[in-house]
Amino acid sequence: MTTTTSLRAGDVHVGDELPTLPIPLTRTLIVSTAIASRDYQDVHHDPGLAQERGSKDIFMNILTSDGMVGRYVTGWAGPDALLRSVRIRLGAPNYPGDTMVMTGTVTKQDGTLVEVAGARREQPRRPPGRHGQPGARPVSEQNQLRDAGAIVGIGATEFSKDSGRSEMRLVVEACEAAIADAGLHPSQVDGMVTFTADTNPEIEVARNLGIGELSFFSRIHHGGGAACGTIQQAVLAVNAGVADYVVAYRGFNERSGNRFGAGVQGRPPMATAESAHFAWYAPFGLLTPAQWVAMFAQRYLHEYGGHQRRLRSHRGRGPQARRETIRRRGSTKQPITLEDHQNSRWIVEPLHLLDCCQESDGAQAIVVTTPERAKDLAQPPVVVKAAAQGAGENQDMMTSYYRESITGLPEMASSPASSGTRPG
């Protein structure tokens, strides 16, 4: 609610209402604004100490409330407005997950002086995990995507430690293979889906493949855990009729090029929300995915007891465990025994080298269309029964440390798949 023009005294009348402004209150917002206003009281950044002092969680400080009120009024009045004073009557605290809704009414107009009386009210939270509650409607009834799409082609390059070619070439090879596997010509493809981290723009991939025009393209944030999201986007597109054949792809030189496992210490110090997210833990040495995940694993062992071998026992269940061997796919083909795992070097306790995935160069792609079109193609289709995404309350990317418990994944309950229809 920001205007680039300023209101004049004659434009304002007693009884005028300011536009309503809802502000979702995240944990990051509450902590960062407290620090920005140099309020270092622990009740504004430490949930445990806040609870010891009688609060259910951290809460927004007064200086931030003052600032938001001022920003609300000046955003309405315009850049030439001068805020003379702010008076706030304290009420209920602002907690993470609340939504602060600001309203205002002009109560006095005296020449160039305007007085606004406002109110702040909180919107009730949406009940968490509603998809998985008893009596919830099945996912197929909620979003009607069950059986609405089919995977009809798969393509992949080899996985290596040094591909010897560009990431664009890897992606083009994988997409070419997937399209050919489906029995299609590149010109029949009219949609593309990938990840925000991919360095290969859809229009460039389309140009190199000879696809021509695209009627749909989109990107999914995050990495491996978001793979279902790309399939969901493709199914949405073909089901809605905005594309006939959608290619979802991902390719990179993760071993010979930019190694994700090396961490985020090389990120430029830019004033962005993503950089602020990393700023909460990178200065303390939590720089790599292995270090981030190790925090959860260590907490699991602390809460449930046991040794690092306890984690091994969970990883090793099933037929492979009974034979005490795990075969890794990709460039390394030799079997790995559980003893090999225990004897491998530490990466960060309680995780060993063989707990971590390999960094490889390579690319993969799939083709998605409707089941009706799939009947006329080269391969038997794999019908998509469900594809889901979910984000939980107070979730961060691999660093959701600010919850009551960090030994589980509550965001799984927010996924439509939790209602009983599993992704497939």
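The values are calculated or read from the model by the stated rules, or taken from the named source; none is laboratory data. Bear in mind that the values here come from a model prediction, so they are computed numbers and not experimental data. Backbone-built Cβ (ideal geometry, glycine too); neighbour counts: all protein chains shown. Remember, those area values only see protein heavy atoms, side chains included, never the ligands or the DNA or RNA. Shrake-Rupley method; radii C 1.70, N 1.55, O 1.52, S 1.80 Å.
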Failed condition for Glu204, given (1) buried (at least 19 other Cβ atoms within 10 Å of the Cβ); (2) more than 30 Å from Ile347 (Cβ to Cβ), with all others met?
-> (1)
Residue, farthest from Ile231 (Cα to Cα), within segment 184-199, restricted to residues that are in contact with a strand residue (DSSP E or B) (Cβ under 9 Å, 6 or more places away or on another chain) and open to solvent by 50 Å² or more (accessible area, probe 1.4 Å) = Thr199
Answer with yes or no whether Asp11 is acidic (Asp, Glu) and under 26 Å from Glu274 (Cα atoms).
-> no
So how many residues does segment 229-282 have that are β-branched (Val, Ile, Thr) and without any contact (Cβ under 8 Å) to a residue 12 or more places away in the chain?
-> 1
Could you tell me whether any residue of segment 63-72 is touching a Leu at 6+ places or on another chain (Cβ under 6 Å) and among the charged types (D, E, K, R)?
-> no
Within segment 32-62, the residues that are part of a helix (DSSP H, G or I), free of Cβ contacts under 8 Å to residues at least 40 places away in the same chain and either small (Gly, Ala, Ser) or surrounded by 15 or more Cβ atoms within 10 Å (Cβ to Cβ) (or both) are Thr33, Ala34, Ala36, Val43, His44, Gly48, Ala50
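Per-residue answers, yes or no, for (1) assigned to a strand (DSSP E or B); (2) open to solvent by 40 Å² or more (accessible area, probe 1.4 Å); (3) closer than 30 Å to Ala34 by Cβ:
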{"site": "Gly225", "(1), (2), (3)": "no, yes, no"}
{"site": "Gln232", "(1), (2), (3)": "no, no, no"}
{"site": "Val242", "(1), (2), (3)": "no, yes, no"}
{"site": "Arg255", "(1), (2), (3)": "no, yes, no"}
{"site": "Gly266", "(1), (2), (3)": "no, yes, yes"}
{"site": "Met270", "(1), (2), (3)": "no, yes, yes"}
{"site": "Ala290", "(1), (2), (3)": "no, no, no"}
When residues of segment 1-24 are limited to those that are modelled with pLDDT under 85 and among the small types (Gly, Ala, Ser), the one farthest from Asp98 (Cα to Cα) = Gly10
May I ask you to list the residues in segment 63-93 that are touching a residue at least 60 places away in the same chain (Cβ under 8 Å), among the hydrophobic types (A, V, I, L, M, F, W, C) and surrounded by 18 or more Cβ atoms within 10 Å (Cβ to Cβ)?
-> Trp76, Ala77
Does Thr103 qualify as being surrounded by fewer than 14 Cβ atoms within 10 Å (Cβ to Cβ), at pLDDT 70 or above and among the hydroxyl-bearing types (Ser, Thr, Tyr)?
-> no
When restricted to Ser400, Ser405, the only residue open to solvent by less than 20 Å² (accessible area, probe 1.4 Å), among the polar types (S, T, N, Q) and within 30 Å of Asp57 (Cβ to Cβ) is Ser400
Quick one: what pairs do we get from segment 94-117, first residue over 30 Å from Tyr402 (Cα atoms), second open to solvent by less than 40 Å² (accessible area, probe 1.4 Å) and acidic (Asp, Glu), C-beta under 8 Å, 6+ apart or different chains?
-> none
